[in-house]
Ligand SMILES: CC(C)(COP(=O)(O)OP(=O)(O)OC[C@H]1O[C@@H](n2cnc3c(N)ncnc32)[C@H](O)[C@@H]1OP(=O)(O)O)[C@@H](O)C(=O)NCCC(=O)NCCS
């Protein structure tokens, strides 16, 4: 398994994994991924088995401390050296679930966010996912908004980068 950040060449595989993970009304469209991959490819973390994409995590960076659904769709809101790394999607197709892949990618995003000088990671999730993200290190901050996609409430969860790990705001590409 390898973990790397993305390029626009990953558009097909990212879109196809998304369609295996989310119903059509909730899934990011191919156009949305194209815009986001062009604007912030270094903020997509991909796990690959050979050339096959088996899990990914993505989201823009911003100086705003709270997540909103507009951040999922508006790539222009990305600020590369923004203080917070948002996590707008976490995807593992059914055949590869429960092997710890999403957890490893979230941990990689945490390490990269720390090295990039960010204050931490922020995501929004439904009630059922709170224990999982808490087990990765996120803290539930309570209900933040009702999703325009499914009408269900979303909790905001945050992980603070330990101060000792935060360096500066220089971008360090994740290569491993
Ligand atoms: C959630 C998801 C990304 C997890 O990917 P993964 O690579 O299997 O994650 P990990 O192996 O690190 O962890 C698996 C854990 O996820 C949790 N989990 C996954 N789906 C869950 C659900 N619907 N409700 C509650 N917990 C869930 C479980 O706690 C599971 O733990 P287990 O091993 O005890 O069963 C994957 O199931 C997925 O793509 N689901 C559909 C899209 C989605 O809901 N994304 C998250 C939106 S916030």
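Mind ranking 55-66, 32-43, 129-140 by how tightly packed they are, going by the mean number of other C-beta atoms within 10 angstrom, highest first? Each step should come with its number before you reach the end.
On the way: 55-66: 20.8, 32-43: 18.9, 129-140: 15.4.
Going from most to least packed, we get 55-66, 32-43, 129-140.
Counting only helical runs of four or more DSSP H residues, what would the 222 nm mean residue ellipticity of the chain come to if each run contributes -39,500 (n - 2.57) and the total is spread over all its residues? Write down the numbers at each step before the final one.
On the way: 5 runs with 47 residues, N = 176.
That calculation yields -7500 deg cm²/dmol at 222 nm.
So, by mean Cβ neighbours within 10 angstrom, what's the order for 108-118, 71-81 with the highest one leading? Write out the running numbers ahead of the final one.
Numbers: 108-118: 20.7, 71-81: 16.0.
Top of the packing list down: 108-118, 71-81.
Give me the distance in nm between label points sitting 7 Å out from Cα along the Cα-to-Cβ direction at residue 140 and residue 48, one decimal.
My value for the distance between the label points is 3.7 nm.
Quick one: 106, 53, 20, fewest Cβ neighbours within 10 Å first, how do they rank?
Numbers: 106 22, 53 19, 20 13.
Least crowded to most crowded, the residues run 20, 53, 106.
What is the projected area of the convex hull of the Cα atoms of the chain, averaged over all directions, in nm²? Walk me through the intermediate numbers first.
On the way: hull surface 36.9 nm².
Here the figure is 9.2 nm², rounded to one decimal.
Tell me, 67, 8 in order of fewest to most beta-carbon neighbours within 10 Å? Could the numbers behind the result be given before it?
Numbers: 67 25, 8 11.
Ascending Cβ contact count within 10 Å gives the list 8, 67.
Coordinate-derived values only; no laboratory data. Not measured: the values here are computed from a predicted model. Neighbour counts run over all protein chains shown; Cβ positions are idealised from the backbone, glycine included.
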